[in-house]
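The values are calculated or read from the model by the stated rules, or taken from the named source; none is laboratory data. Predicted model, so just to flag it, every value in this text is computed and none were measured. Methodologically, a virtual Cβ is constructed for each residue, glycine included, from the backbone with ideal geometry; neighbour enumeration extends over all protein chains shown. Side chains included, ligands, DNA and RNA excluded: accessible areas come from the protein's heavy atoms. Shrake-Rupley method; radii C 1.70, N 1.55, O 1.52, S 1.80 Å.
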Amino acid sequence: MKNRKRFLCTVTAVLTAAGMLSGCSADSSGDGGAEYVTTNAGTVAVNSGGDETYSAAGDSDNSFNPNADRGGDIPDYVPQANGNSGVLQHADSSESDGNAVNGGIVGVEADRLMAEEAPADDTYPTGSTEGAGGWTESSYSYREYFNTEEYNSIVESGYKSVAANPLSTFSIDVDTASYANVRRMIQEGGYINPDAVRIEEFINYFDYSYPQPATDDPFSVTTELSDCPWNDETKLLLVGLKAEDIQREEREPLNLVFLIDVSGSMFSEDKLPLVQKAFSMLTDTLTEDDRISIVTYAGEENVVLKGTSGADKEKIKDAINSLEAGGSTYGEAGINRAYELAEKYFIKNGNNRVLLATDGDLNVGLSSEEELTELIEEKRESGVFLSVLGFGTGNVKDNRMEALADHGNGNYSYIDSESEAKKVLVEEMSGTLYTVAKDVKIQVEFNPANVSGYRLVGYENRALADEDFADDTKDAGEIGAGHTVTALYEIVPNGSGTSIPEAELKYQQNTVTGNKDELLTVSLRYKQPDGDKSKLLSVPVTMENYSAKMPKNMTFAAAAAEFGMVLKESEFRGSASCGQILEMLEENGYDKDDYKSEFVYLVRTMDKRGY
């Protein structure tokens, strides 16, 4: 990574192998800048740009001198290690699912980074470093840090030819977990796992000032067109949705099941104790018409509360605060029991939902992403929705939690602090808990008379087949009350210098039969929350939509997208940099929005780290 010294210490071993990790040290003296890690088993070369090499323990001296390697003054603190990109995969692993860490493998990553001192005018904290693996300042002794976080591998969407692919189809995404999780990594000073960065969730973490719906449709549709800030040869298209707001006093009654992971992995302060604070905040917003049940799971599931009135807040809070962590993680049993209670206390025309709070580390019963997906797809037919709240560090199973939410007609948020809990469960409660439209799909048709290529920014794991757009049996994303959803396209006009992969066609050619002034048409399909038949909306876009000065909504959305591309070192980032992002945002003034102000702080922090 740029301007950083990173010593990655990774040990991979089958769980049944004898022996434990006794320590590790790093050496960067190999050819081509290769990094080596040492364990009681031997030495492995990683990040060498070539094949990994291995030698038996004792073959080489891999001692590490912290003073010599720091290359300067010792900082006041050592940031935590996070992420698993580059973790070696054991050849005998029983799983090969594209995740950063395979099941059946112990991934141990020690990431020691050079930290910058925050200047006096930086007002946001850099986070705690308690419990991290790192080098202590007094003795330079190594503290082991076990990291088995899992993220699905993301292959970025490239440019597509309009001649070969005139349609682009995807499901909306209102998840915000990726941004909050990566923010945690930045604040801890740790390694940013590229697969943890989902650009659409960076964009959609923030609110945008789109107009309220003016028709009977549950959301408005906004389109904006300007120049792309990271590529001079392309234009940038924004498609924005704004769901109707509802007042808290007008909301439908809630039938909620708090499904809480109380296994041993939830013991730390940023897990179960934070879960208890989060659900206590939500409890304070309940009314007498609401019904609350609580199910916990560890080695087995346990019903703590059944159909209790929201007016009985003390009883609910006492039940929440009585929970303790310990045992294995039998998530399947907990999910089944939670849906059973949600169906038992089902409120017709109400909001029936399971809120799952976990680190995703399920290890008993159905536990793979595929098995959990099948289970939750079956449960969603009951009319009960699912929201997933992710907690903790070190063993976060992001891939499983995202899959559960995506296939359970719900959303996925990551809670790293009390302030984030307040944002998700109090300030944005309507959007988190109240679905106003489900199975929302977007399809963009590009006009070859004016556009030669395009690239959808993000949404890689939300892509749909073109024929799925009109197929009402195909699942897609949900949008909650008051939520905004934003998507960005890079548009390659005819005559642009951007290279677009073209296919040689012998029997077909593009024939323009529609309006030659149009660049594209944005079509949307959605269903009512309890409906089975979708409704179609269409919005054409012409050059009349173009603005040389980028609108304020688009400016921030583009900045969020750029930040994601910079952090994951996207091959399509062009001229994007943290410095450029700060310049873009400078004149727009986001001081009145705490979350956008924090974003500026994070960009400034990474700018100082050389991004």
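Of all the numbered requirements in (1) crowded, with 20+ Cβ neighbours inside 10 Å; (2) not in a helix (DSSP H, G or I), Ala278 misses one, and that requirement is (2). Going residue by residue through segment 255-262, is there one that turns out to be touching a helix residue (DSSP H, G or I) at 6+ places or on another chain (Cβ under 9 Å), over 30 Å from Tyr454 (Cβ atoms), open to solvent by 40 Å² or more (accessible area, probe 1.4 Å) and not in a strand (DSSP E or B)? Checked against the condition, which is being touching a helix residue (DSSP H, G or I) at 6+ places or on another chain (Cβ under 9 Å), over 30 Å from Tyr454 (Cβ atoms), open to solvent by 40 Å² or more (accessible area, probe 1.4 Å) and not in a strand (DSSP E or B), segment 255-262 yields no hits at all.
With respect to (1) of a type outside the set (Lys, Arg); (2) under 28 Å from Thr373 (Cβ atoms); (3) buried (at least 22 other Cβ atoms within 10 Å of the Cβ); (4) in contact with a Ser or Thr (Cβ under 9 Å, 6 or more places away or on another chain), the lone exception for Asp290 is condition (2).
Just to be sure before I move on: is Glu301 in contact with a helix residue (DSSP H, G or I) (Cβ under 7 Å, 6 or more places away or on another chain) and surrounded by fewer than 24 Cβ atoms within 10 Å (Cβ to Cβ) in the structure I sent? For Glu301, the condition - in contact with a helix residue (DSSP H, G or I) (Cβ under 7 Å, 6 or more places away or on another chain) and surrounded by fewer than 24 Cβ atoms within 10 Å (Cβ to Cβ) - is met. Looking at segment 304-329 only, could you name the residues that are part of a strand (DSSP E or B) and either crowded, with 16+ Cβ neighbours inside 10 Å or without any contact (Cβ under 8 Å) to a residue 12 or more places away in the chain (or both)? Residues satisfying the conditions are Val304, Leu305, Thr308. The residue pairs whose first member lies in segment 223-243 and is more than 29 Å from Thr435 (Cα to Cα) and open to solvent by 10 Å² or more (accessible area, probe 1.4 Å), whose second member is in a strand (DSSP E or B) and of a type in the set (Gly, Ala, Ser), and whose beta carbons are closer than 8 Å, counting only pairs six or more residues apart or on different chains, are Lys235/Ser226.
The residues of segment 168-182 that are open to solvent by 10 Å² or more (accessible area, probe 1.4 Å), under 19 Å from Met565 (Cβ atoms) and over 8 Å from the mean Cα position of the chain (by Cα) amount to a single one, Ser168. Applying the selection to segment 196-228, what residues are of a type outside the set (Ser, Thr, Tyr), part of a loop (DSSP other than H, G, I, E, B) and touching a Leu at 6+ places or on another chain (Cβ under 9 Å)? Across segment 196-228, the qualifying residues are Val197, Asp217, Cys228.
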